[in-house]
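Working notes, structure below.
Here, each number is a calculation from the coordinates, and none is a lab measurement. None of the values given here were measured: they were computed from a predicted structure. Cβ coordinates were reconstructed from backbone atoms using ideal geometry, including for glycine residues, and neighbour counts include every protein chain displayed.
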Amino acid sequence: MKEVVIISGKGGTGKTSFAASFAYLEKENAVIADCDVDAANMHLLLEADFRYQEDFYSGEIAVIDEENCINCGECKEVCRFDAIHVIDDQHRVDPISCEGCWYCSRVCPVEAIDMKTQKVGDFYLSMTKAQSEMVHAKLGFAAENSGKLVAKVKNEAKKLTLANKKEFLIVDGSPGVGCPVISSLSGADLALLVTEATVSGLHDLKRVYKLVKSFNIEAACIINKYDLNIDVTKEIEAFLEEEDITLITKIAYDETFAKALSQAKTIIEYGDSSLKTEIEKSWQYIKNILRS
Amino acid sequence: MKITIASGKGGTGKTTISTNLSSYLAKEADVVLADLDVEEPNSKLFIEGNLIFEKACDKMVPQWKKEECTLCGNCEEVCRFNAVIKVGDEILVFPELCHSCYACSELCPTESLPMMPQKIGELKHFKTENLDFVEGRLDIGEEQAVPLISQVIEYIDEKFSQDTIKLFDAPPGTSCPVIEASRGSDFVILVTESTPFGLNDLKLAVETMRVLCQKFGVVINRHGIGDNGVEEYCNAEGIPIIAKIPNDRRVAELYSKGELIYPKIQEFETALKQIAQFVGGVK
Ligand code: SF4
Ligand code: SF4
Ligand code: SF4
Ligand code: SF4
């Protein structure tokens, strides 16, 4: 099994369109994981059928038993997250602020505070229109711990890939350089960095690559919209060369991305275009790297 | 007046709108723009200014002092985030996992775990001719954005008066960091694109704003590139559409160079005017 994680640092570079197109090309030979659990989108392009759902619990919140609470204020005193307020003469927990640290429940003199596990999202297994299995999730609003949900998506996808003896695991990674993207990168064979020829694209590429490098993961790059700004494209190429990152291809600014998206189609299905050919070649190149 | 500019997903033009809007408003009012997308701050690329203040931002984590420690193990038991563990006759702290709840520290019977500051990122304050700009930047590999975001907001609350218009460029998504960036605001502008992705993410962002009881409205960026799904949804839900910014390759080109858009593209300036009028009227 070989695993490629597609990341971009910044959003809007076409990352998901590439990931979905690769998945569509590889058909049942790959398992797909959507690790962008904050704003999961892959299911739209691949027509995931949501055949299996599971609640995802993580973290806890404090709940005050108002019958027993003597309103001594101990809990409010210790809470570092300003999550306990007195409303109508009663100490109450604001569930959005509560970090689930248990401190209040440990100091309450009458044991009036219970810690309740929280559902923070949904975890799904689906079949896609490309006949591949897909692992994805949806983080509940106002939830945290997306890193843990990402880790779950990744682990389950890995297990599935191994159990069904599939050759590739294609992961649509999380944005940013924080906890979720670290979870989505761990253990990958290749990180495919999708960037665009803008000053912010270059800036984010450098930041996210630092992370990839610190994990010692091999990296390759696609420069999207390279003709928007040839100067920046040259800078990106220079950076790639310096860091020994394989440049897979450069792709011109193309509204086919948005048009295909609006019909919920991958670039591959949308019809013949130079973009389609370019993506087919790119995937072949990436497979060669993964197999070598 | 505090306004947060957010979007369900990245790449919808949130930064383009916040940088242009702040520069546009600064022509007539006191404005501060804060880049709270601390994992990927890049508003600075569009704003030229002089650095007038910077500081390291810390979070508090416990530090083990072995002298008095009785190795009772209470700290390990207390920490819900496995950030402190007892290994043999040593207590190990994992700062990345620590949520700074102080429980281990204050419940240690021998005061062997005092809370100490540890750097997680930086705050920088720049000034241009008529605009203040503050950015938070998380160190690479640091996992928690929220403490840094709240420090940037605190700094702004302290430094700027009530009358200053405060614009917050929020991180993408709908989880904790976005909530932190939105909750104290008077109004949230949700930036989206008229594509099925944009719609899907907008719905998540709307759910979040409703949970937070936030006032919000929508700006449709790159209007005309996709379908009508976003407009239909907003109309059905009674969500105000503040402005529609037409899709235009010239915007992408100016953006790619790190340039402001509205001085060069009339339609963009018109949209900013609509936004300014709308938020002016929200108060
Ligand atoms: S510590 Fe316990 S008894 Fe005291 S106010 Fe809090 S919940 Fe009530
Ligand atoms: S569990 Fe922690 S964060 Fe939640 S209310 Fe209690 S002390 Fe505050
Ligand atoms: S609680 Fe304090 S005394 Fe007990 S093991 Fe931890 S550091 Fe040592
Ligand atoms: S401060 Fe809280 S989260 Fe940090 S190590 Fe101590 S108990 Fe754990």
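Quick notes
- Among the trypsin sites (Lys or Arg not before Pro) in the stretch B:58-123, those located in a DSSP loop and surrounded by at most 13 other Cβ atoms within 10 Å of their own Cβ are B:K66.
- Among residues other than B:W64 with Cβ under 13 Å from its Cβ, the summed charge is -3 (Lys and Arg +1, Asp and Glu -1).
- The modelled label-to-label distance for the pair A:K116/B:Q277, using points 7 Å beyond Cα in the direction of Cβ, is 4.7 nm.
- P(r) of the stretch A:177-225 over all Cα-Cα pairs, binned every 10 Å from zero, in whole percent: 26, 57, 17
- For the stretch B:1-149, alpha-carbon Rg relative to the globular expectation (2.2 N^0.38 Å, N residues): 1.39
- Take every Cα pair under 8 Å whose residues are at least 6 apart in sequence, average their separation, divide by the length of chain A, and the relative contact order is 27 percent.
- Where only C-alpha atoms are counted, convex hull volume of the stretch B:41-89 per residue in Å³: 142 Å³
- Selected from A:A30, A:V120, A:G73, residue furthest toward positive end of dipole (the stretch A:1-154; charges at beta carbon): A:A30
- Other-chain or far-sequence residues with amide H under 5 Å of B:S112's (modelled H): none
- Over chain A, dividing the summed -39,500 (n - 2.57) contributions of all DSSP H runs of at least 4 residues by the number of residues returns a 222 nm mean residue ellipticity of -11000 deg cm²/dmol.
- 17 Å tail of the calculated P(r), the stretch A:121-237, as % of Cα pairs: 61 percent
- 10 Å-binned pair-distance histogram of the protein assembly as shown (Cα, whole percent): 3, 17, 27, 27, 17, 7, 1, 0
- With 26 Å as the limit on Cα-Cα distance, the pairs of A:K129/A:K159; A:K206/B:K14; A:K2/A:K210; A:K15/B:K59 that go past it are A:K15/B:K59.
- Cut-off under 5 Å, modelled amide H: who pairs with B:S7 long-range: B:G173, B:V191
- Working from label points 7 Å from Cα in the Cα-to-Cβ sense, the A:E77 to B:E129 distance is 5.7 nm.
- Scaled against 2.2 N^0.38 Å for its residue count N, the alpha carbon radius of gyration of chain A is 1.18.
- Approximate spin-label separation B:F53-A:N29, in nm, with each point projected 7 Å along Cα-to-Cβ: 5.9 nm
- 10 Å binning of all Cα-Cα separations within the stretch A:148-188, expressed as whole percents from 0 upward: 31, 52, 16, 1
- Euclidean distance between Cα centres, the stretch B:229-283 to the stretch A:245-276, Å: 26 Å
- When chain B is treated as a Gaussian network with alpha carbon springs shorter than 10 Å, the biggest mean-square fluctuation among B:A170, B:A181, B:A29 belongs to B:A29.
- Cα point-scatterer Debye curve for chain B, base-10 log of I(q)/I(0) at q = 0.09, 0.11 Å⁻¹: -0.49, -0.68
- Projected-area average for the stretch B:92-202 over all orientations - Cα convex hull basis, square nanometres: 10.4 nm²
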